[in-house]
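Every number in this text was worked out from the coordinates using simple rules, so none of it is lab data. Given the structure is predicted, the values throughout are model-derived calculations rather than measurements. Cβ placement follows ideal geometry from the backbone for every residue including glycine, while neighbour counts extend to all protein chains displayed.
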Amino acid sequence: MTTYKKNSISLTGAVGLGTGVMISAGIFALLGQVADLSGSWFPLMFILGGIVTGFSAYSYIKLSQEYPSAGGIGMFLVKAYGKGTAAATASLLMAFSMVINQSLVARTFGTYTLQLFGDDPHDFWIPLLGVGLLAFAFLVNLSGNAFIQSFTSIFSLIKIFGLSLFAIAALSVVGFSFAPASGGQSDISITWQSCMASIALTVLAFKGFTTITNSGSEIKHPKRNIGKAIFISILISLIVYLLLAWAVSSNLGIEQILKAKDYALAEAARPALGEGGVWLTVGIAMIATVTGIIASVFAVSRMLAMLTDMKLIPHRHFGMPGSIQKHTLVYTIVIAMALTIVFDLSRIASMGAILYLVMDMMIHWGVYHKLKGKVEARRGIVLGALVLDGAVLAAFCYVKILTDSHIVWISALVILLILAGEKKYLQKSLQKS
């Protein structure tokens with residue numbers, strides 16, 4: 001059985017876990033991709049993404065207050081859909097989206113680190129550095145809750161302070177003009193559909209708040225502190241995102257942002273603060289990605305362990321010693337390493353957004369319909385979250401089918417394989433029992 005330590009995570013620690021995941025891939029990896037879809041409007045997209053996330057967070061807060069659990073989202077889905085294929089499939093979609101996020105963060109670490117070594121570094125270093133970061137995250141996660149929350153909380157404060165300082169310094173160079181990025185040929189192809197699609201990526205930037213729900217029973221006074229931690233984490237992340245988006249927008253043109261899409265923040269530091277600014281930005285990026293990986297691995301390994309304990313997913317020890325939680329930690333890291341090697345940043349982000357939004361809609365439907373009368377929630381807000389998710393997902397898939405259809409079909413195939421695999425596994429489990 002997996003063991004969890006009640007009251008082992010403070011409110012500050014929970015906020016550290018949430019912001020640790022959010023302020024990593026969120027701004028470093030996704031800013032350029034959001035600009036690619038929305039042009040000079042990209043800072044506004046983070047505001048809209050924050051609004052969509054706020055609606056979504058409402059459902060999670062209400063579920064956490066009613067069912068605080070270390071299994072978090074997995075437990076919520078079981079409460080809504082029962083111990084069956086729907087709950088198991090949606091839970092694995094969430095777990096996979098979190099693992100995908102880890103590979104996104106890992107490649108971001110490699111991409112930004114290489115900015116210190118001049119132009120045109122060999123591409124193989126990006127996945128190699130990412131794999132190294134994941135190995136480090138594995139070792140840290142063996143250390144236990146107390147060390148993890150202290151590590152992520154301290155370094156989350158450092159990166160928030162550092163990024164805010166960078167943004168303010170970059171904005172001061174242009175006289176705090178908050179000017180939109182100068183247009184280019186890229187703005188001609190921007191449509192309302194592509195702007196809607198970009199919101200899906202900003203939602204991905206905020207999804208780290210779910211890390212808090214996955215540690216529910218371990219947080220002190222969970223019914224009070226989970227909601228507070230989620231609200232504080234989203235608010236802090238939104239402020240940092242907006243400062244950085246405007247700093248980049250005011251210092252670079254759209255064409256420059258798109259050229260440096262995977263490392264736009266470092267590129268914005270050059271005209272604003274010179275090479276010293278680049279070193280500062282890369283240093284903060286390294287801290288941010290390290291804390292993001294550690295917090296995400298912490299959450300997903302616990303979620304998978306809970307699903308294993310509930311006999312919703314198969315599990316094999318493969319001769320490994322220790323608890324199930326340690327085994328799921330190994331599986332999490334191995335899958336994240338494989339994705340880091342195989343996919344580039346854009347496709348990793350796209351798949352993560354699709355899987356997450358599908359799971360998110362199932363959470364809202366569960367609260368709105370399945371748990372009606374059991375979870376005290378304003379149905380209008382929950383329905384609003386469901387509609388917003390659906391609209392954003394539809395726009396994102398539409399745009400991706402036009403520009404990179406392979407990733408949409410791969411995502412659909414992953415969903416179908418998980419669904420079929422879970423159905424077969426649960427049928428066999430039922431026959432054995």
Peptides ranked, highest mean first, by Cβ atoms within 10 Å: ranges 55-68, 349-362: 349-362, 55-68
Within the chain, helix-based [θ] at 222 nm, where runs of 4 or more DSSP H residues each add -39,500 (n - 2.57), nearest 500: -26500 deg cm²/dmol
Using alpha-carbon coordinates, inclination of helix 222-251 to the longest axis of the chain, degrees: 20 degrees
Cα shape, region 340-382, gyration tensor, a/c 1.5 rule: prolate
Local net charge near GLY74, Cβ-Cβ under 11 Å (Lys/Arg +1, Asp/Glu -1): +2
Between helix 379-432 and the chain: long-axis angle, C-alpha atoms, 0 to 90°, nearest 10: 30 degrees
Qualifying lysines (Cα of each under 27 Å from Cα of LYS372; at least 8 residues distant if same chain): LYS62, LYS79, LYS83, LYS207, LYS223, LYS228, LYS311, LYS423
Rounded, prolate or oblate (a/c below 1.5 giving rounded, otherwise prolate when a/b exceeds b/c) for region 353-433 by Cα gyration tensor: oblate
Using alpha-carbon coordinates, inclination of helix 264-309 to the longest axis of the chain, degrees: 0 degrees
Relative contact order (percent, whole number), region 11-426, Cα cutoff 8 Å, 6+ residue spacing: 36 percent
Three-way shape label, the chain, alpha-carbon gyration tensor, a/c 1.5: prolate
Packing rank of 300-307, 75-82, where each peptide gets the mean count of other beta carbons within 10 Å, highest leading: 300-307, 75-82
Under 17 Å from LYS428, Cα to Cα: aspartates and glutamates that are on another chain or at least 8 residues apart: ASP309
Sorted peptide list for 125-136, 243-254, criterion being average Cβ within 10 angstrom, highest first: 243-254, 125-136
